[in-house]
Amino acid sequence: MFNETETIYSALLAGQLVSYGTIGLNEDDALTTYIYDPPISVPIALPLNQPHTLTSTQIGNDATSYPFSQEHTYLGRENINVAAGNFETCKISIKTTIDGFTQEVQTWYVANGPYRGIHVKSEFELPVIGMASSEATQIQADFK
């Protein structure tokens, strides 16, 4: 089981969910920081089952950079229960290709209310380990 802590820096701007990067502790308690250049920008009103493709570069805290592409596909709404609460969510498939490797992650974002757009759950497959998931245990948001 992985026990990671991550803060995602993002904003809802002009109908787009814009992600600037992340900072957190991985399973080895090592600090990891990633900046997206340019920031990842995805429309919050994606059409059902129609992929939205983008490209960016992930820059790590050791100054390494990796160009990547992503394909976001809206799969519909689901009610889910995670440690942080029960939420109506939008389920999104995100396929990321970086350095010739592609990984698909199923993600759930809060659909409405004060936490709209907050990522609360992910499911993905890890080599050797198999299926893995992560979920929000608490939500803290400072919308300005």
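Overview of results
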{"item": "Within the range 106-144, tally of residues that are of a type in the set (A, V, I, L, M), more than 15 Å from LEU17 (Cβ to Cβ) and without any contact (Cβ under 8 Å) to a residue 24 or more places away in the chain", "result": "4"}
{"item": "Residues of the range 85-110 that turn out to be surrounded by 17 or more Cβ atoms within 10 Å (Cβ to Cβ), at pLDDT below 95 and not β-branched (Val, Ile, Thr), as a count", "result": "1"}
{"item": "Boolean, GLN50 is farther than 18 Å from THR7 by Cβ and modelled with pLDDT of 90 or more", "result": "yes"}
{"item": "Every pair of residues 6+ apart whose Cβ atoms lie under 9 Å, when the first sits in the range 43-64 and is surrounded by 10 or more Cβ atoms within 10 Å (Cβ to Cβ) while the second is not charged (D, E, K, R) and not in a strand (DSSP E or B)", "result": "PRO43/GLY15; ILE44/GLY15; ILE44/GLY117; HIS52/LEU46; GLN58/THR64"}
{"item": "Looking only at the range 113-130, and only at residues there that are surrounded by fewer than 13 Cβ atoms within 10 Å (Cβ to Cβ) and within 17 Å of the chain's Cα centre (by Cα), the one that is farthest from VAL82 (Cα to Cα)", "result": "LEU126"}
{"item": "Yes/no for PRO67 being in contact (Cβ under 8 Å) with a residue 12 or more places away in the chain, exposed (fewer than 15 other Cβ atoms within 10 Å of the Cβ) and within 22 Å of LEU13 (Cβ to Cβ)", "result": "no"}
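The values are calculated or read from the model by the stated rules, or taken from the named source; none is laboratory data. Quantities reported herein were computed from a predicted structural model and do not represent experimental measurements. Cβ: placed from backbone, ideal geometry, glycine included. Neighbour counts: every protein chain shown.
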